[in-house]
1. Considering only protein heavy atoms, with the full assembly of protein chains and a 1.4 angstrom probe, order Thr111, Thr42, Thr127 by accessible area, largest first.
2. Which order do Lys35, Lys81, Lys130, Lys46 take when ranked by solvent-accessible area (1.4 Å probe, heavy atoms of all protein chains), largest first?
3. For segment 98-123 and segment 37-51, what is the centre-to-centre distance using only Cα atoms, to the nearest Å?
4. Set the Förster radius R0 to 30 Å, insert the Cβ-Cβ distance between Ala115 and His146 as r into 1/(1 + (r/R0)^6), and round the FRET efficiency to 0.05.
5. Share of Cα-Cα pairs in segment 73-147 beyond 15 Å, in percent?
6. Using the charge dipole of segment 47-90 (Lys, Arg: +1 at Cβ; Asp, Glu: -1 at Cβ; taken about the Cα centre), state which of Pro76, Trp48, Ser63 has its Cα farthest towards the positive end.
7. Could you identify which residue out of Ser63, Ser20, Ser33 has the top mean-square fluctuation in a GNM of the chain using Cα springs shorter than 10 Å?
8. For segment 42-94, how big is the tail of P(r) above 16 Å, as a whole percent of Cα pairs?
Amino acid sequence: MIFREAQAADIAAIQWVRNSVKENTLSNPALVSDKDVEDYITHRGKGWVCEINDTIAGFAIVSVLGHNVWALFIQPRFEQKGIGRRLHDEMMDWYFRQTDETIWLGTAPGTRAEAFYRRAGWKEAGTHGKGEIKFEMTAQEWQTSHS
């Protein structure tokens, strides 16, 4: 397993992973363009990928401008191997080196993602979008849970 920063050359594979998931699927994959992904990994924040045998197994993208986790997805055949947690932790460490602003994310209720974020220490903070759970984490909470 190789964990590294996402590059523009990874965008097609990132899109493939995003559209391969079974939960938190996009109602319309065209809503997230390659340009959107490029903007998030080069201007708005940063992204990371996990590569296994030249295949992108998962990725995470955070926006330091929007103070939110934009995406964290693992290809279904690579789930339950600790990839998501490692990508999450690298992303969060980087984010809180850039700013001490509270970070947020939204995810569908009743999903494995909801349970994942709760285990990672995120606190429920209402709803977002179309009935998603909004989670938040402060710099202090991150430092306390990962010191």
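The values are calculated or read from the model by the stated rules, or taken from the named source; none is laboratory data. The structure displayed is predicted, hence computed values, not measured ones. In this analysis, Cβ positions are derived from the backbone assuming ideal geometry, glycine residues included, and neighbour counts consider all displayed protein chains. Remember, those area values only see protein heavy atoms, side chains included, never the ligands or the DNA or RNA. Shrake-Rupley method; radii C 1.70, N 1.55, O 1.52, S 1.80 Å.
1. The residues order as Thr127, Thr42, Thr111, largest area first.
2. Largest accessible area first, the list is Lys130, Lys35, Lys81, Lys46.
3. Computed from Cα coordinates, the inter-centre distance equals 19 Å.
4. In this case the efficiency is close to 0.95.
5. Here the tail beyond 15 Å accounts for 57 percent of pairs.
6. Looking along the dipole axis, the top candidate is Pro76.
7. Ser33
8. That fraction is 37 percent.
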